[in-house]
Amino acid sequence: MRLYEVLLIVDPRLTDEDAAQFLTRLQENVKELGAEPRGVDNWGRRRLAYEIRKQREGTSAVLELSAEPAMLKEFERQLKLNESVLRFMSARVPARAKARPAKAPEALEEVR
């Protein structure tokens, strides 16, 4: 499974409580698809740089999840069909690079 982040802009006509419930339902949808939701970071209502579907504001949130690419593709399809989602963008979080072992001080002296 790979780690992904999905940035969502939700319709501002939803109240804060409704938006929180909506994000909880999205996490449940992720579970039903067989993926593992890692968490949600709700950024709250923000002004958009330009109008999207005649809306100047939107509730932004980031959904972190572990999923296979096929599961993510299905989740994105569901987001496209949902009228409460104004925009979304998903990105794969790169795996942390393994740290190389530090050279011993003796090895450094030999190089000099």
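The values are calculated or read from the model by the stated rules, or taken from the named source; none is laboratory data. Quick caveat: nothing in here was measured; it's all calculated off a predicted structure. All Cβ positions, glycine included, derive from the backbone under ideal geometry; neighbour counts span all protein chains shown. For the accessible areas, the whole protein counts, side chains as well, though only heavy atoms, and no ligand, DNA or RNA atoms are used. Shrake-Rupley method; radii C 1.70, N 1.55, O 1.52, S 1.80 Å.
Taking segment 81-112 as the range and being at pLDDT 70 or above and out of contact with any helix residue (DSSP H, G or I) (no Cβ under 9 Å at 6 or more places or on another chain) as the test, the residues that pass are LEU81, GLU83, LEU86, ARG87, MET89, ALA91, VAL93, PRO94, ALA95, ARG96. Kindly evaluate LEU86 against the criterion of being under 17 Å from GLN21 (Cα atoms) and in contact (Cβ under 8 Å) with a residue 40 or more places away in the chain. Yes, satisfied. All conditions but one from (1) touching a Phe, Trp or Tyr at 6+ places or on another chain (Cβ under 8 Å); (2) open to solvent by 50 Å² or more (accessible area, probe 1.4 Å); (3) not hydroxyl-bearing (Ser, Thr, Tyr) apply to LEU79; the one that does not is (2).
Scanning segment 37-80 for residues that are assigned to a helix (DSSP H, G or I), in contact with a helix residue (DSSP H, G or I) (Cβ under 9 Å, 6 or more places away or on another chain) and within 19 Å of PRO94 (Cα to Cα) gives a single hit, MET71.
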